[in-house]
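The values are calculated or read from the model by the stated rules, or taken from the named source; none is laboratory data. Treat the numbers as computed from the prediction; the structure is a model and nothing was measured. With ideal geometry, Cβ positions are generated from the backbone for all residues, glycine too; neighbour counts draw on all protein chains shown.
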Amino acid sequence: MRMHKVNTAVTLGAVALLTAAMGTASAAPPAGRTPHPQPAHPVIVDCVWHPQVRPADFMIACGDGNSSLSSLRWSHWDQGSATASGVNVVNDCKPYCAAGRFHSYPVTVRLDHPQPWKKNPRVQHYTQMSLVYTDGRPDGFDRVVTYSLWN
């Protein structure tokens, strides 16, 4: 019986300590600090709705993954636009996409037209992406291709 009382007391003490520790961890941040600071410059929103700043890679074709950007090196990123060089990796879908091969094409990427992001209107996000193919391009693509980015 005495051992049962000791175990109960130890368990209750551990619960109290754990509750106190969790209460401290979840307390509000100190006055004047926000838990998630807003980016100083516009962002680009990825396929899973995460805001990105100067990403090294970016999926263009979220639905099937048949076009992406890789090895991005950003030379400019400000309130009005952003510029990078990198590679557009594109599936040729020949004879069909599941059997197609991926090819890499050097590109210059430009992001433009920042607007408030619907998910968080205090954050500006780029709404347009232009790719300029600098050495070859996928069949049927113009030298400059412009995409509207999701909101």
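Every residue, every condition in (1) surrounded by fewer than 16 Cβ atoms within 10 Å (Cβ to Cβ); (2) among the polar types (S, T, N, Q); (3) touching a Lys or Arg at 6+ places or on another chain (Cβ under 7 Å), yes or no:
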{"residue": "HIS76", "(1), (2), (3)": "yes, no, no"}
{"residue": "ASN88", "(1), (2), (3)": "no, yes, no"}
{"residue": "VAL109", "(1), (2), (3)": "no, no, no"}
{"residue": "ASP112", "(1), (2), (3)": "no, no, no"}
{"residue": "GLN124", "(1), (2), (3)": "no, yes, no"}
{"residue": "GLN128", "(1), (2), (3)": "yes, yes, no"}
{"residue": "LEU131", "(1), (2), (3)": "no, no, no"}
Scope segment 86-141; condition farther than 12 Å from ASN66 by Cβ and of a type in the set (Asp, Glu); matching residues: ASP112, ASP135, ASP139
Taking segment 76-108 only, how many residues are of a type in the set (S, T, N, Q), in a strand (DSSP E or B) and closer than 15 Å to LEU131 by Cα? 5
Go through (1) outside any strand (DSSP E or B); (2) in contact with a His (Cβ under 9 Å, 6 or more places away or on another chain) one by one and return the number of the condition CYS62 breaks. (2)
Under 8 Å between Cβ atoms, at least 6 apart or on separate chains: pull out the pairs that start in segment 95-116 with a residue that is touching a residue at least 12 places away in the same chain (Cβ under 8 Å) and end on any residue that is charged (D, E, K, R). CYS97/ASP64; GLY100/ASP92; GLY100/LYS94; PHE102/ASP92; HIS103/ASP92; TYR105/ASP135; TYR105/ARG137; PRO106/ASP135
Looking at (1) farther than 22 Å from TRP49 by Cβ; (2) in contact with a helix residue (DSSP H, G or I) (Cβ under 7 Å, 6 or more places away or on another chain); (3) of a type outside the set (Asp, Glu), can you tell me which one ASN66 breaks? (1)
May I ask you to say which residue of VAL53, VAL10 is modelled with pLDDT under 50 and of a type in the set (A, V, I, L, M)? VAL10
So which residues in segment 90-103 are surrounded by 14 or more Cβ atoms within 10 Å (Cβ to Cβ) and either touching a Lys or Arg at 6+ places or on another chain (Cβ under 8 Å) or of a type in the set (Ser, Thr, Tyr) (or both)? ASN91, ASP92, GLY100
